[in-house]
């Protein structure tokens with residue numbers, strides 16, 4: 001009786017012996033940062049963001065310069081339009097002024113005034129000349145002459161009212 005233990009003993013030697021387990025690795029290895037979608041998972045690179053920010057800054061600067069240029073052009077056009085309107089107003093005012101000066105000279109001519117006074121109002125040119133003295137004696141005399149002139153004028157008015 002040769003089998004005394006609880007373990008089975010193989011009479012055939014080591015041929016059917018179960019091979020030892022060799023450390024096996026998983027069929028796929030996980031490598032961080034590799035693969036087809038590694039770029040997608042990593043996001044956008046810092047260099048791209050820097051270039052993008054620079055591009056946006058240049059675009060904004062270009063747009064701001066364009067807006068300023070358009071605003072200055074609009075302001076210039078507005079000022080030129082106002083200046084043109086003022087020049088037209090000045091020229092029309094100058095022509096109206098020259099017309100008024102001509103009309104004033106025509107209306108204030110002494111020959112016209114004399115014709116209107118003699119034809120419409122029956123006035124005649126004065127033949128008397130008066131002089132004025134500024135001394136103290138002359139002041140008393142001029143006051144007397146003024147009162148005499150007033151008396152003569154009232155007498156003439158009375159005569160003319162009797163004639164009518």
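The values are calculated or read from the model by the stated rules, or taken from the named source; none is laboratory data. In this text, all values refer to a predicted model and were calculated from it rather than measured experimentally. Because the Cβ atoms are built from the backbone with ideal geometry, glycine has one as well, and the counts that use them run over all protein chains shown.
Screening residue 14 against (1) assigned to a loop (DSSP other than H, G, I, E, B); (2) modelled with pLDDT under 65 leaves a single unmet condition, (1). Checking 144, 101, 137 one by one, the residue that is modelled with pLDDT of 60 or more, surrounded by 10 or more Cβ atoms within 10 Å (Cβ to Cβ) and more than 60 Å from the chain's Cα centre (by Cα) is 144 and no other.
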